[in-house]
Amino acid sequence: MWRRFARALPRSARVTQRSRRSVEHVACDLCGSDETRLVYRVRDTNYGTPGEFHLVQCCTCQLVYLNPRPAPSRDFDIYPETTYDPFDEMNRADEPKPNGTHRERARQLTQIVGTGRVLDVGCGTGAAALELARLAPEADITAIDTHAPYLDELEARFLEHRFSERLITAAEPMQDLPFEDEAMDVLWCEAAIYNMGVKNALEAWNRFIKPGGYLAFSEVCWLTPDPPAEAAEFWAAEYPGISRPDVVIELIRDAGYELAGHFALPASSWTDDFYVPLQRNVDRLREQYANDGTALEVIDMTQREIDVFYKYSGSYGYVFFVARKP
């Protein structure tokens, strides 16, 4: 459903229950070998997926990964509306930031000159989309997200900054983009590609990018070869697809792209813009939902994520990748 201005979807179209995940046995994502050694056993304490999962190390390339692990569902996970509450009243699309941000750096890598069509996938409240509109002043911006209230806020911000004539929004899932082939000059996905998994997204989105166009995305990666056990256990349950930057680069090339560049984001990109305001919301919501067991599950899960980051931020972080379609 395309939108030029705020037009929220009916609540029934946005709220379903979280799907139960099944598990799958997989070969090494990097080299394809199925020869592994057991590192340790974990359970999914975040989503309650039944069974035990093994963190293993590939005997060929030494990649550490989860096997077996939760299988990606054909239908993307959709969470109860409560899941979004900790993220409300934060992550707002602030005033466009000055040059020197990671988005400016990524824009330089993609060689955007101010024209063309940019698609922001998983746009949230529009912090990235708004800055991209400033950085590419003649480009058309298309922004998609499944959470309609985020799109409402994004549209209001674009109207405030007089960018609305260049904006189209849609409440659509990233797994089923409603675009023609080779429609986009740049496909941008900031802190959201994990919903599909990097490999799946690289393959699925290739067709929407023009030859010579770019896919720019951030992905959480291990920044150390031997992550602490508690951090590894948390991410094994939260995001089994977490890997090292070199693994992501290999996936980029295997999917037919050229690597234009990549760089790690500072820890402040997690704290200043995300975890500090998120902690304020968690504290507030814990009182608001004191008698709601489902809401408290979400709040506890969010608190654990914050705590793990502050303890082990040196071992993982976001890395921004820019890939060019030949």
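The values are calculated or read from the model by the stated rules, or taken from the named source; none is laboratory data. On a predicted model such as this, the values are computed, not experimentally measured, just so you know. For neighbour counting, all protein chains shown are included, and Cβ atoms are generated from backbone atoms with ideal geometry for every residue, glycine included.
Of the residues in the range 164-176, how many are buried (at least 16 other Cβ atoms within 10 Å of the Cβ) and of a type in the set (D, E, K, R)?
Summing the residues that are buried (at least 16 other Cβ atoms within 10 Å of the Cβ) and of a type in the set (D, E, K, R) in the range 164-176 gives 2.
Would you mind telling me which numbered condition in (1) surrounded by fewer than 19 Cβ atoms within 10 Å (Cβ to Cβ); (2) in contact with a helix residue (DSSP H, G or I) (Cβ under 8 Å, 6 or more places away or on another chain); (3) assigned to a strand (DSSP E or B) residue 179 fails?
(3) is the only condition that residue 179 fails.
For the structure I just gave you, tell me whether residue 185 is within 21 Å of the chain's Cα centre (by Cα), assigned by TED's automatic domain parsing to the domain that holds residue 249 and free of Cβ contacts under 8 Å to residues at least 12 places away in the same chain.
no
Would you confirm whether or not the range 283-297 contains a residue that is in a helix (DSSP H, G or I), at pLDDT below 95 and of a type in the set (Gly, Ala, Ser)?
Among the residues of the range 283-297, at least one is in a helix (DSSP H, G or I), at pLDDT below 95 and of a type in the set (Gly, Ala, Ser), which makes the answer yes.
Looking at the range 223-239, can you tell me whether even one residue there is outside any strand (DSSP E or B) and within 13 Å of the chain's Cα centre (by Cα)?
Yes.
Of everything in the range 127-143, what is in contact with an Asp or Glu (Cβ under 7 Å, 6 or more places away or on another chain), surrounded by 24 or more Cβ atoms within 10 Å (Cβ to Cβ) and within 13 Å of residue 190 (Cβ to Cβ)? Give them in sequence order.
128, 129, 132, 143
How many residues does the range 137-165 contain that are among the β-branched types (Val, Ile, Thr) and in a loop (DSSP other than H, G, I, E, B)?
Residues of the range 137-165 among the β-branched types (Val, Ile, Thr): 141-142, 144, 146.
Filter again for in a loop (DSSP other than H, G, I, E, B), leaving 146.
Residues that pass the stated criteria total 1.
Being within 16 Å of residue 315 (Cβ to Cβ), of a type in the set (Val, Ile, Thr) and buried (at least 19 other Cβ atoms within 10 Å of the Cβ), is that true of even one residue in the range 235-258?
Taking every residue of the range 235-258 in turn, at least one turns out to be within 16 Å of residue 315 (Cβ to Cβ), of a type in the set (Val, Ile, Thr) and buried (at least 19 other Cβ atoms within 10 Å of the Cβ).
Any chance the range 252-262 includes a residue that's β-branched (Val, Ile, Thr) and touching a helix residue (DSSP H, G or I) at 6+ places or on another chain (Cβ under 6 Å)?
Within the range 252-262, not a single residue is β-branched (Val, Ile, Thr) and touching a helix residue (DSSP H, G or I) at 6+ places or on another chain (Cβ under 6 Å).
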